[in-house]
Each structure stands twice: as C-alpha cells, then as structure tokens.
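The values are calculated or read from the model by the stated rules, or taken from the named source; none is laboratory data. Bear in mind the structure is a predicted one, so any value in this text is a computation, not a measurement. With ideal geometry, Cβ positions are generated from the backbone for all residues, glycine too; neighbour counts draw on all protein chains shown. Note: areas computed on protein heavy atoms with side chains; ligands, DNA, RNA excluded. Shrake-Rupley method; radii C 1.70, N 1.55, O 1.52, S 1.80 Å.
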Amino acid sequence: MTNIFEILQKTDDEFIRQYIAMLEVLNPKNTAKIGVNIISRKGVQFINKLGHKFNKDLRLKAPKPQNLEQYIDQKKQELSNLSRSKLNTKLKIILKSILSLSYTISDDSLSIQIIDFVSQKLKIDEYKLVSQRADDIYLQYFNKLVEEDKHILTLNKMSHTILKNVLLKEDLWAHIMAAHGFKTEIMSQLIFMTVAIHGSPFTPAIETLPSYEADESIAAEIASQEDAYTQLLIEHNRLKIRLKNSETKYDQTLKDISTANATISAVINEQAAAESELAKLTQEYLIATDELNSLRTELQNENLSSSASATFDLLHQKYKAKDLALQTLQLQIDKQAIIISSAKDLIPDKKLGTTQLELHSQDILQEITKVKTAIKHVNADITSAEVQKRFRLEPKWQDVFSKFTFSSATKNKLPQFATSEILAIELALTELQNISDKTALSKGQSFFNGTHYQYFTTKADTGKIIKILYNPITADTCEIAQFAVII
C-alpha cells in the first residue's frame, strides 16, 4: 500500500513544520482557547500553495489569526533551523507518542496505525483494507468540508468553488473538534492531505488487477462460467440434502424392520409358551375332571347310606374345592387359548409389514445409489470447472505475484471464490506486495496446519469477509498459506 510518509516527501518543510507545531501546541488544555478558524486558515494557506503548484490562482482568503495561532507560529519558528530529515523524524516521534507506539516501529507500521486510529474514531469498517480505509477517511473528511460529494480525490481536478469551501467551514470544524477531538481532526486532515497530494486513491484501480478482464466478450464468458459453477454448487448442495434425507429414511426403515422382527420373535415366543402352558393345563384339567368324577361317585354312594354322616360332609367339601379348582383351570386354559389365537393373527400381519419394509428399504437403497452417482457426476463437473479456473488464474498470479509462494490450500480454495471475491483478494495481495514491512498489515496470528501465521482481512463487494493467512519471509517475499472465509 501507499505509505503516508513517502507521500509527505513531496511536501515542503513548511508543511511538516505546520503539522509538528499543531500536534505539539494543540492539546485539550489549549483547545479551550482556540478560535474555530485556526486550522481552517492553515488549510487555506496549504491549498493556495497546492493551487499554485497546479497553476491555479485560487486566492483564497484566510480567516484572521487568533492567539493560539501565534503559539503555532512561535513553535514553527523554533523548528525553522531543523533539517528536513530531523523534521521528518520529529513528526514521526510525536505521532508515535500520541498513539502510544514504540519508537522502533517502521514507517509502514506507523502509517497504518494512524489510519487505524482515525478509522476507529470514524467507525469505518474494520475488515476493509488499510488503503480502502484511508480513501474512506478522505471522502468523509472531504464531504464534511464541501457541499458537493461527487468529486473524488485528485486535487488537480477540484473546481475553484470546491477548493474555496475546503477547510473554511468554521461550524463544521467546531463540530469535528467537539465530536472527535484535536488528535482525530489533525490526523484525519493529515490523511486527507496525503491522499490529495498523492493525486489518486490509495486503493489500486480494479483495472490493474490480474483478474480484471477488459474484453467484454471474455468477461461475459467468464461470468457465464461462474454462473454455471454456482448452479453446480447449488445442485451439489441439493443432492447432499437429498442424500442425507434418504440415508435418514433408510436408517429409520432398518430400525423399523428390526423392531418388527423383534416383535414377531416376541410373539412367537409368547405363543410357544402359551401352547406349552395350555398343554400342561389341559393335562391338569383332565386329571382334575377324573378326580371330580370320582368324588361325585363317592358322594352319591355316601348319600345313599347317610347324608348326615361326617364322611359325607368331608367328601362334599372336597368336591366343591375340586370343582372350583377345575373352574380356575378352565379360565387359565381359555386365557392361553386367547394368547395363541392372537399370536396366530398377529404374526402374519407383522411378517407382511416386515416384507413391505424390506421392499421399501431396497427402494431407498436404489435412491441412495442414484443420488450418489449424481453427486459423483456433479463433483466431477465442479472439479473440472475449478481446474479450468485455476488454469486461467494461476499464470496471471505467477506473473503479478511472482515473489509470493502459494500453498496448495490457497490454490485449491481460490477457484471456489466468485470473481468479485477474487478481485478483493487480489487487492489485498497487491497491498501486501507493495509494503516493505509486511508484518505491519497483520491483525494478529491464526493457527493453520500446525503453524501460526499472520493474517489480515479484505471485504468483497458481496459482503464476504476473507481472512488471508501469510508468513513474511523478506521485504519482498511472502508465503500465502490460506484464504479463510470469516463471514
């Protein structure tokens, strides 16, 4: 990405002295005294100088200086004898101190930290690239200071009317000071000025990216292939859902068959037990019947001799007990007969149901086989589409990102992204490629394949956020380990 301090080399010493003075003089204590037009005055002076550089006689009238401006001028006078090198160093030291950063960090890291600081204050999307956030800061600052919001970035294309409005909106300046504080204001203005001096957005133009296709017919063909690939993915997901549903049905059918077989087995066992019990009870019933008949005969004989004898009473009691036992046996026999009869009715029905379940399971198996075959064909088409996409992209990447080493994981993942997402990745890789201190871009570490990698994020037009895992090797070379989708 473009480094703020590299661009500041294009400015004169007065510009650097101005920002050093403002950063040193403006603090919460002094801002209570400030007139709302001080920074505006300095911005006007700066823009007049830039207008002269672009052969534009703007003649913007600066507001009358206030007391605090005298402090700034006094501080600038103190800096007048410093060389440009020392001025640059002093500016960086002040910025590092304000942001509570180590004095040993690189210019790349300091530049990014300044953009990060303002981005957080202005609530700019944290997942965007540093260059994109710098451009967003420019636009926010620009749009607050001018009436028109259709003019973008390049200072030499700004109209005379717009330039007159820049940094002259005293009420806006007061609002910004009240809302964000002097640090945010000065650093926002510094980023704004830097992008303006740069003359173009920090974010590389999409036309410069390797995947950008200027030829409309080729672009249309790529879009058609991408649509076809998307449809393959949709079909693949549909088939996977269909397969999962079929496998769930098959598993449930097997459970139903197992349950039915267990029921049949239990009923058969119950029938066998009932038949065995019935045979036993029948035998006992026959014996009891014979005993009852014998007792009946004895009672009849005893009754003929003397119905009032003790022997008769005893025989009569035995007879009643045996008759009751015989009735109980009959009930038990009837119960076992019912169990046997029910089993004989139930078993054929259960066996028929099991047969139907087995036939249904075979139908489901055929469906599973059919879906698996369809998935195999779709997977083959997806693989073919991805191979073609890799074949189209890899030579371009090898040419543009020749000093980067891409893992097999990145190469396999790359074709799965849409063109807009690939362009977002290419923007990120371009930013990584153009920065010397590649660790400065890192948002932290991420563990992948047994190794800790640095990572940063990029956001595609689709809204998808992509994490890029990388390992800086030298100022130029880098290993790209993985592209991981966060959202």
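For THR253, the shell of other residues with beta-carbons less than 12 Å away shows a net charge of -4, using +1 for Lys and Arg and -1 for Asp and Glu. Around the amide H of VAL485, modelled in the peptide plane, lie the amide H atoms of LYS467, all under 5 Å away and 5 or more residues distant in sequence or on another chain.
How much length is gained on full extension from SER294 to GLU394, taking 0.36 nm per residue of separation minus their Cα-Cα distance? Each step should come with its number before you reach the end.
Details: separation 100, 0.36 × 100 = 36.00 nm, distance 10.82 nm.
25.2 nm is the gain from fully extending SER294 to GLU394.
For GLU479, nonlocal amide neighbours, meaning residues 5 or more places apart or on other chains whose placed amide H falls under 5 Å from its own, are THR405, ASN471, ILE473. The Cβ shell under 15 Å around ILE241 holds other residues with a net charge of +4, Lys and Arg each +1, Asp and Glu each -1.
Compare ARG390, ARG84 by solvent-accessible area with a 1.4 Å probe and give them largest first, with all protein chains kept in place.
Values: ARG390 70, ARG84 50 Å².
My answer, sorted largest first, is ARG390, ARG84.
Taking all protein chains into account, the per residue accessible area for the stretch 356-487 stands at 50 Å² (1.4 Å probe). Report ³J(HN,Hα) in whole Hz for each residue of the stretch 435-452, in order, from the Karplus equation J = 6.51 cos²θ - 1.76 cosθ + 1.60 where θ = phi - 60°; Gly and Pro get x. Each residue's phi maps through the Karplus curve to give 9, 6, 8, 5, 5, 4, 6, 5, 9, x, 10, 9, 8, 8, 6, x, 9, 8 Hz. Taking amide H as placed 1.01 Å from N in the peptide plane, SER211 has no amide H partner under 5 Å among residues 5 or more places away or on another chain.
Between THR383 and ALA337, the contour length at 0.36 nm per residue exceeds the Cα-Cα span by 9.8 nm. Compared with the alpha-carbon gap, the fully stretched path from ARG238 to GLN327 is longer by 25.2 nm at 0.36 nm per residue. Tell me which of PHE404, VAL387, PHE417 sits at the most positive position along the dipole axis of the stretch 386-439, charges placed on C-beta atoms (Lys, Arg +1; Asp, Glu -1). Comparing the listed Cα positions along the dipole, VAL387 ranks first.
Which FRET efficiency value, to the nearest 0.05, do you get for THR439 and SER200 by plugging their Cβ-Cβ distance into 1/(1 + (r/R0)^6) with R0 = 41 Å?
Working: r = 26 Å, r/R0 = 0.65.
Computed FRET efficiency for THR439 and SER200: 0.95.
Simple rule: put +1 on each Lys or Arg Cβ and -1 on each Asp or Glu Cβ in the stretch 215-331, find the dipole, and look at THR259, ASN269, ALA279; the Cα lying farthest toward the positive end is ALA279. Rounded to whole numbers, the Karplus 3J(HN,Hα) couplings from phi for the stretch 382-395 are 5, 4, 4, 5, 5, 5, 4, 5, 4, 4, 7, 8, 4, x Hz, using 6.51 cos²θ - 1.76 cosθ + 1.60 with θ = phi - 60°, and x at Gly and Pro. Across the stretch 79-85, computed HN-Hα scalar couplings (Karplus, 6.51 cos²θ - 1.76 cosθ + 1.60, θ = phi - 60°) run 8, 5, 8, 7, 5, 4, 4 Hz from first to last residue, x flagging Gly and Pro. Within the accessible area of the stretch 348-412, what % is carbon and sulfur when the probe is 1.4 Å and the other protein chains stay in place? Reported share for carbon and sulfur atoms: 56 percent. A straight line joining the Cα centroids of the stretch 91-133 and the stretch 267-294 runs 98 Å.
Do the alpha carbons of any pairs in LYS244/LYS350; LYS249/LYS372; LYS351/LYS372; LYS411/LYS438; LYS10/LYS396; LYS10/LYS76 sit beyond 26 Å of each other, and which pairs? Distance filter (> 26 Å) returns LYS244/LYS350; LYS351/LYS372; LYS10/LYS396. Net charge near GLU421: determine it from the other residues with C-beta under 13 Å of the C-beta of GLU421, scoring Lys and Arg +1 and Asp and Glu -1. Result for the neighbourhood of GLU421: +2. Once the Cβ-Cβ distance of ILE473 and ASP363 is raised to the sixth power relative to R0 = 56 Å, the FRET efficiency obtained is 0.45.
The radius of gyration of the Cα set in the stretch 300-448, together with its Dmax, comes out at 44.8, 134 angstrom.
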